[in-house]
1. Restricting the search to the range 130-154, which residues are more than 25 Å from the chain's Cα centre (by Cα), of a type in the set (A, V, I, L, M, F, W, C) and part of a loop (DSSP other than H, G, I, E, B)?
2. If a residue has to be hydroxyl-bearing (Ser, Thr, Tyr), under 20 Å from SER10 (Cβ atoms) and not in a helix (DSSP H, G or I) to count, how many in the range 202-237 make the cut?
3. Please determine, by comparing only the residues of the range 166-189 that are polar (S, T, N, Q) and closer than 13 Å to GLY9 by Cα, which one is surrounded by the fewest Cβ atoms within 10 Å (Cβ to Cβ).
4. Of the numbered conditions (1) away from the ligand (no atom under 13 Å from the Cβ); (2) without any contact (Cβ under 8 Å) to a residue 60 or more places away in the chain; (3) not in a loop (DSSP other than H, G, I, E, B), ALA162 satisfies every one except a single condition; which is it?
5. Does LYS74 satisfy the condition of being away from the ligand (no atom under 12 Å from the Cβ) and charged (D, E, K, R)?
6. Say we look at the range 61-118 and pick out the residues that are among the aromatic types (Phe, Trp, Tyr) and open to solvent by 30 Å² or more (accessible area, probe 1.4 Å); which of these is nearest to GLY9 (Cα to Cα)?
7. Which strands (runs of 3 or more DSSP E) sit wholly inside the range 13-129 and have at least 1 residues that are under 17 Å from the mean Cα position of the chain (by Cα)?
8. Give ARG146, ARG192 a once-over and let me know the one that is more than 8 Å from the ligand (Cβ to nearest atom), among the basic types (Lys, Arg) and open to solvent by 30 Å² or more (accessible area, probe 1.4 Å).
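The values are calculated or read from the model by the stated rules, or taken from the named source; none is laboratory data. These figures come from a predicted structure and were not determined experimentally. Note: ideal-geometry Cβ built from the backbone for every residue, glycine included; neighbour counts use all protein chains shown. Note: accessible area is taken over every heavy atom of the protein model, side chains too, but ligands, DNA and RNA are not part of it. Shrake-Rupley method; radii C 1.70, N 1.55, O 1.52, S 1.80 Å.
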Amino acid sequence: MKNIVILTGSGISAESGIATFRDKDGVWAKYDYRDVATPEGFAANPALVHSFYNARRTALPDVQPNAAHFALAKLETALQNIGGQFTLITQNVDDLHERAGVSHILHMHGELLKSYCNACDAVRPCGEELSLESVCNVCFKTGTLRPYVVWFGEMPRYMDEAMDAILSADLFVSIGTSGSVYPAAGFVSEARSLGVEAVELNLEPSENAHLFSDSRYGPATEVVPKWVDDITEKIKS
Ligand code: APR
């Protein structure tokens, strides 16, 4: 067991205080995703979209990684120590995996703490509020910045790298995701078609729970550290 691919969703950050999307009190219970998470929504009302992401971006410093985030950083180190490969593909746009110490992260849905300039394609760190008055610090145009987040209908990032990692994986693990958004929701089928073992660690069975060869259910802060301890023993043996 030397090559593990992990996919995470908003459920891994839930106990840190970041709302998930489809739980009963989730983000999409409060907002229509078409208004705040599509290019059409941004074109129609950029101020609403900026305020949606500004609130989430400026709240991040007050949010801390939890035991599940730290457990994945420990697993990455354990694999590196045996010359193994650890790939973390996350659907999350928060920076909790980074702050927990994970180094190899594929943010397939983008990152809240970065901005993108529609005029010059510059991607820059961004911790502050964005608006139509924001000025790009590369091309110095005004009103061209948007959140560096992948919206519905846009191409997720790092797909080639993600598929390459799954192709050479010994194990695929899905943590804290409902399995309702593709292409991330299709990774387990890719893994299983390649004969790769797949584990689901989630609060409850996801939409594609039946595709996994193993599963453990419960809060990520309990289930993930315990699973990491068990798999680390296996890696070392
Ligand atoms: N521990 C573990 N899992 C949890 C916890 C918890 N404490 N709380 C919730 N979950 C699980 C839920 O049971 C659910 O299966 O996390 C999952 C969250 O699912 P969604 O809200 O659909 O979030 P996610 O799967 O990350 O959504 C994928 O959809 O809206 C887009 O771009 C957005 O990246 C997001 C994508």
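1. Listed by number, the residues that qualify are LEU132, CYS136, VAL138, CYS139, PHE140.
2. Qualifying residue count, the range 202-237: 3.
3. SER180
4. All conditions are met except number (2).
5. Taking the combined requirement at face value, the residue satisfies it.
6. Among those that are among the aromatic types (Phe, Trp, Tyr) and open to solvent by 30 Å² or more (accessible area, probe 1.4 Å), it is PHE70.
7. 85-90, 105-107, 110-117
8. Checking each option against the conditions leaves just ARG192.
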